[in-house]
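Just below is one structure, and these are the notes that go with it.
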Amino acid sequence: MRDKSEKDGVVARSEGDIAKGLSIGDKMEAAYELPFLAHATMEPLNATVHFKQDSCEIWTGTQIVSRVQAEAAKAAGLPVDKVIVNNHLLGGGFGRKLEPDMVVAAVRIAKQVEGPVKVVWTREEDIQHDVYRPVYRDVISATLSDGKIAAWKYRIAGSGVIARWLPPAFQKGIDIDAVDSAVDLPYEIPNIQVEYVRAEPPAVPTGFWRGVGPNNNVFAIECFMDELARKAGKDPIEFRRAMLTKQPRFLGALSLAAEKSGWGQPLPARVGRGVCLQPSFGSFIATVVEAEVDEQGEVHLRRVTSAVDTGIAVNPDTIMAQLEGGLIFSLTAALYGEITIEKGRVQQSNFHDYRMLRIDQAPKIDIHVIKSSEAPGGIGETGSTAGPPALRNAIYAATGVALRRLPIDRSLIAAGKKS
């Protein structure tokens, strides 16, 4: 991954003169990395199947009913119209139930028995046989001029999930999911180049994870924004504001998040606020995390404030619930999430070594929905992309340590080093 990320990729966006732009001004470079992640849905994967010689009925929870029906028909050796799928919206999905593997396995077992059979994975099987969030590496180069970004070169290296899951959408070597929120960067930068390098891990299946491609790109971009702001001697929010003059909805969300979070007000020692702005899923959202970091590098979440313009708010309670849940989901990943492989086997197995955020660790979360008459945007994944960069930037503000890899490395924070 690291080797491939240092080579030229397929250009997904190009504006201005990137070579000239990078040759002028104060240049800065950085690379950011994210690990494999499991989904760890509330209930482990399961399916109940009743196979007969002329029909097959399935009870499960899935995000892809038609695909499950088709794959089950193949496994059962039956026409598609002889397979009934009863879909139950239970147990959590987060992208894991965009895969048909559990149902296919259950159908194969059901063919061997009389009557219905229920197949349930243990938590250990669920974590060790997932279709994992890809590892990513992003290499960024930028120059500053008059306190703004003059040139921006951004290269993503990671799996081509779309290439496997929806091959017709993988065109000209570009994975549209992997570059999401990188090609549509909201900031006004005259010289931009975004590249993609497909880098598949050997023998580790990868797929969609809540937040999909943007949970990589928003992390790298927004972390680098804070580092550039510090290099320019600017407040992180003011640095962003100066490059959003043609983005009123982003400016509105950013200003409201700053106001409601108390941005700029004094904080105790080793407490910081970090901000994240994101263009993901058709919604405009700004998030501020306030966190405290002790001398051992342990991070204590104090408060999270999000301001979201998601267009017409069809159901405001759902918007708030999705953001709250997404923030907890992603802050968990930032603090603890990592799947590691040794001798071909996943090392993590349950919640003792694949940690979840505990209730006593959960911060106060304030969601502010901006009234809008614009078309509704997405909300199911936005919280999952907002948490990690805002938390990382809060740690950066509190300690001066610029972490560039997740999960958070407490030893680096304690030692005062960047990853």
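The values are calculated or read from the model by the stated rules, or taken from the named source; none is laboratory data. Quantities reported herein were computed from a predicted structural model and do not represent experimental measurements. Here the Cβ is made from the backbone with ideal geometry for all residues, glycine too, and neighbour counts use every protein chain on show. Remember, those area values only see protein heavy atoms, side chains included, never the ligands or the DNA or RNA. Shrake-Rupley method; radii C 1.70, N 1.55, O 1.52, S 1.80 Å.
Does residue 199 satisfy the condition of being buried (at least 24 other Cβ atoms within 10 Å of the Cβ), modelled with pLDDT of 95 or more and farther than 19 Å from residue 392 by Cα? I'd like the intermediate steps shown before the answer.
Numbers: buried (at least 24 other Cβ atoms within 10 Å of the Cβ): no; modelled with pLDDT of 95 or more: yes; farther than 19 Å from residue 392 by Cα: yes.
Spelling it out, it is not the case that residue 199 is buried (at least 24 other Cβ atoms within 10 Å of the Cβ), modelled with pLDDT of 95 or more and farther than 19 Å from residue 392 by Cα.
Answer yes or no as to whether residue 52 is of a type in the set (D, E, K, R) and either closer than 30 Å to residue 136 by Cα or crowded, with 16+ Cβ neighbours inside 10 Å (or both). Taking the combined requirement at face value, the residue does not satisfy it. Within the stretch 360-372, the set of residues being in a loop (DSSP other than H, G, I, E, B), open to solvent by 40 Å² or more (accessible area, probe 1.4 Å) and within 19 Å of residue 408 (Cβ to Cβ) comprises 362 only.
Screening the stretch 144-178 for residues that are in contact with a strand residue (DSSP E or B) (Cβ under 9 Å, 6 or more places away or on another chain), touching a residue at least 60 places away in the same chain (Cβ under 8 Å) and open to solvent by 10 Å² or more (accessible area, probe 1.4 Å) and picking the one that is farthest from residue 385 (Cα to Cα) gives 145. When you go through 20, 7 one by one, which is the residue that is open to solvent by 30 Å² or more (accessible area, probe 1.4 Å), in a helix (DSSP H, G or I) and in contact (Cβ under 8 Å) with a residue 12 or more places away in the chain? On inspection, the qualifying residue turns out to be 20.
Residue selection: residue 408 satisfies the criterion of being in contact with a Gly (Cβ under 9 Å, 6 or more places away or on another chain) and part of a loop (DSSP other than H, G, I, E, B).
Within the stretch 284-330, the set of residues being polar (S, T, N, Q), in contact with a strand residue (DSSP E or B) (Cβ under 7 Å, 6 or more places away or on another chain) and under 25 Å from residue 40 (Cβ atoms) comprises 287, 306. Within the stretch 97-136, being polar (S, T, N, Q) and part of a loop (DSSP other than H, G, I, E, B) holds for 112, 122.
Looking across 219, 208, 239, one residue alone is farther than 23 Å from residue 93 by Cβ, surrounded by 23 or more Cβ atoms within 10 Å (Cβ to Cβ) and not β-branched (Val, Ile, Thr). It is 239. Residues in the stretch 271-278 include at least one that is within 30 Å of residue 64 (Cβ to Cβ) and out of contact with any Pro (no Cβ under 6 Å at 6 or more places or on another chain). May I ask you to verify whether residue 343 is basic (Lys, Arg) and at positive phi? Spelling it out, residue 343 is indeed basic (Lys, Arg) and at positive phi. Taking the numbered list (1) in a loop (DSSP other than H, G, I, E, B); (2) open to solvent by less than 20 Å² (accessible area, probe 1.4 Å); (3) under 25 Å from residue 174 (Cα atoms) in turn, residue 41 passes all entries but (3).
Determine which member of the set 245, 310 is β-branched (Val, Ile, Thr) and surrounded by 19 or more Cβ atoms within 10 Å (Cβ to Cβ). Being β-branched (Val, Ile, Thr) and surrounded by 19 or more Cβ atoms within 10 Å (Cβ to Cβ) holds for just one of 245, 310, which is 310. Pairs are defined by a Cβ separation below 8 Å, a sequence spacing of at least 6 or placement on different chains, a first member in the stretch 333-362 that is in contact (Cβ under 8 Å) with a residue 60 or more places away in the chain, and a second member that is exposed (fewer than 10 other Cβ atoms within 10 Å of the Cβ); the pairs so defined are 344/203.
So if I check each of 335, 331, 357, which one is touching a helix residue (DSSP H, G or I) at 6+ places or on another chain (Cβ under 6 Å) and open to solvent by less than 20 Å² (accessible area, probe 1.4 Å)? Selected residue: 331, the only one of 335, 331, 357 that is touching a helix residue (DSSP H, G or I) at 6+ places or on another chain (Cβ under 6 Å) and open to solvent by less than 20 Å² (accessible area, probe 1.4 Å).
Applying the set (1) open to solvent by 20 Å² or more (accessible area, probe 1.4 Å); (2) touching a Phe, Trp or Tyr at 6+ places or on another chain (Cβ under 7 Å) to residue 128 leaves exactly one unmet item: (2). Please find, within the stretch 381-402, the residue that is least open to solvent (accessible area, probe 1.4 Å) out of those that are in contact (Cβ under 8 Å) with a residue 60 or more places away in the chain and not in a helix (DSSP H, G or I). Ranking the qualifying residues of the stretch 381-402, first place goes to 402.
Could you please find all residues in the stretch 148-174 being part of a strand (DSSP E or B) and either of a type in the set (Lys, Arg) or out of contact with any helix residue (DSSP H, G or I) (no Cβ under 6 Å at 6 or more places or on another chain) (or both)?
Hits for the stretch 148-174 are 148, 149, 152, 153, 154, 155, 156, 158, 171, 174.
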